[in-house]
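**Q** Encoded as structure tokens, here's the structure I'll be asking about.
Quick note: the coordinates plus some simple rules give every number you see, no bench work behind them. None of these values were measured; they are calculated from a predicted model. Cβ atoms come from the backbone with ideal geometry, glycine included; neighbour counts cover every protein chain shown.
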Amino acid sequence: MSAPTPHPNQKPDLEESINVSQVHGRVISEYSATAREKRLASNGHEPVALWVIAACGFVLLIAGGVLGNAGTLFSYEETFREGYVRGAAPGLGDAGPLPKAALAAFSGKGAKIYSKCSGCHGSDAKGDGANYPSLVGSKWVLGDTQKFAMVILNGLQGPTSNGKSYGAGIMPAQGAGMTAEDLAGVMTYIRNNFGNTSGDIVSTEMAQNAIDISGKREKAGQAVNAEEIAAKHMTMLPGAEIDPAMMVNPQTLAPMQ
């Protein structure tokens, strides 16, 4: 007798020891891990191999060395020449100091010069009444400008404008190394501060004329005295006047547009 033919839908019996759910879960987990490790890239998007990146870097390194030695492509000296200074951006060039009204500019420069005078005449320009005279309201400080310029440049011997002699004796000359701008500044400053209100400016042209006049004195190099001042210097310094409101360069005192 022949063996019976198995029914087509008949399934083999499973061993009772097999946990179907656990086995199924393990298969799915292993498949997922394998898929992650062996994922196939789509055509044209494969990652570049590390050896290809290394080879390209080596070629670029060699090429850079050859070009650098053969020419000036990588030469710092050629790219940045000695003494090179980057120019200002358009519209941002050095415009210099901002202009100031002439009276403020001249007085500002004169205030710095007066710091050398304050040791004797005081920070308030009133002197001490015994050794050093006051510059406040002085007839030789105010009024005609030439007499004041001669005292500053040459010094003073004997009594001052009030007829009094002071214990310090001869005032030393201050003209050595003084520029026309310095003289113009300090004269303008003293004549318009400490209670003095002349309201005018001793221009650099006037100051330069004062320096020239001082150099041509008969007693050049000696201090002036009351007699010489009264005889020769009771006058205004020659030179064009400056409007106190005119805008000037606060450093050079030159007019600015």
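**Q** How large is the Kirkwood hydrodynamic radius of the range 142-218, counting all unique pairs of alpha carbons, in Å?
**A** On the way: mean 1/r = 0.0763 Å⁻¹.
Over the range 142-218, the inverse of the mean reciprocal pair distance is 13.1 Å.
**Q** What's the local net charge at residue 136, with K and R +1, D and E -1, over the other residues with C-beta under 14 Å away?
**A** Working: positive: 126, 139, 191; negative: 124, 128.
Residues close to residue 136 contribute a combined charge of +1.
**Q** Report Rg(Cα)/(2.2 N^0.38 Å) for the range 100-248, keeping two decimals.
**A** Numbers: Rg = 14.2 Å, N = 149, 2.2 N^0.38 = 14.7 Å.
Against the compact-globule rule of thumb, the ratio is 0.97.
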